[in-house]
Amino acid sequence: MDYGYEILKIPFNHLSMVNIIYILLIIIGGVIIFRIGDKILSKMEHEFDLNLTAHYLFKDILKYTIIIIGFAWILHILGINLESIVISLGVVGIVIGLASQDIVSNFISGIFIISDNKIQVGRVIEINGFKGTIRKVGFRNTHMINQDNYEITLPNSVLSKNIYKLYKETEDYRLRINAVLPHGIDIYQFKEELDKIMYSYDWVVNDKTSLFSKDYTEWGPKVEVSYWIKEYKYIDCGKVRILENINRLSDEYRKNN
């Protein structure tokens, strides 16, 4: 029997308007359940003081569970027998299995990394010459941001097979912003005014700051501004605050000159 031909015939035989509606409801319901689950996880994170690593772990579990159940349900509606698929695609399954060894390896490594509880969101690590702050730990990949604000994606198998340096939790997090200032502005005076504003935030380390002149453009001097913050959760809003204050000081200079 040609299982492949039979499998292709089944979906069209069961593809009625009612079944299409059922499939759409399954997809929409899956999205809604995922969003509700994510909100519940966020509330649990604040209530039980869960770290972001655990949040991402449970979020991935919820996502993959919904996808698997939803996919199986859709196949059932279309009248597709999973056993027939396995028989028909046996050889292809072997090929796919061999090709997906890295995915499985990263998946298993991710479980061990998360359960080890050392690689956590907000921690600073250095591996293979890359140093950065962990932004997300998933089942397959770990994402970190380096000091140049570039995102680095590391397969979890790399973390499990290589030696990495884990910095102490008190390691400060650096915010680095490039900006173009108005023509004629006193860069040192600008730095003093910006420092005064930024140091008013209690999450900014008030003994670490830097401002480097990098280039001169047709719009004005290009500088790099760096501040260090005490907690990782301020890393996004911190960049926004720096940009807002730079723009405000630049606008004040243009109005007065």
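In the stretch 43-51, is there at least one residue being surrounded by fewer than 12 Cβ atoms within 10 Å (Cβ to Cβ), at pLDDT below 75 and more than 30 Å from residue 235 (Cβ to Cβ)? Checking the stretch 43-51: not a single residue is surrounded by fewer than 12 Cβ atoms within 10 Å (Cβ to Cβ), at pLDDT below 75 and more than 30 Å from residue 235 (Cβ to Cβ). Here residue 209 fulfils each of the conditions (1) surrounded by 13 or more Cβ atoms within 10 Å (Cβ to Cβ); (2) touching a residue at least 24 places away in the same chain (Cβ under 8 Å); (3) in contact with a helix residue (DSSP H, G or I) (Cβ under 9 Å, 6 or more places away or on another chain) apart from (2). Working carefully through the options 168, 196, find the one that is in a loop (DSSP other than H, G, I, E, B), surrounded by fewer than 11 Cβ atoms within 10 Å (Cβ to Cβ) and of a type in the set (Lys, Arg). Of the residues listed, the single one that is in a loop (DSSP other than H, G, I, E, B), surrounded by fewer than 11 Cβ atoms within 10 Å (Cβ to Cβ) and of a type in the set (Lys, Arg) is 168.
Scanning the stretch 20-29 for residues that are modelled with pLDDT under 85 and either within 24 Å of the chain's Cα centre (by Cα) or surrounded by fewer than 11 Cβ atoms within 10 Å (Cβ to Cβ) (or both) yields one hit, 21. As a summary of the residue check, residue 223 satisfies the conditions (1) surrounded by 16 or more Cβ atoms within 10 Å (Cβ to Cβ); (2) in the same structural domain as residue 127 (by TED's automatic domain parsing) except for the one numbered (2).
The values are calculated or read from the model by the stated rules, or taken from the named source; none is laboratory data. Note that the structure is a prediction, hence the values are computed from the model and not measured. Every residue, glycine among them, receives a Cβ derived from its backbone with ideal geometry; neighbour counts consider all protein chains shown.
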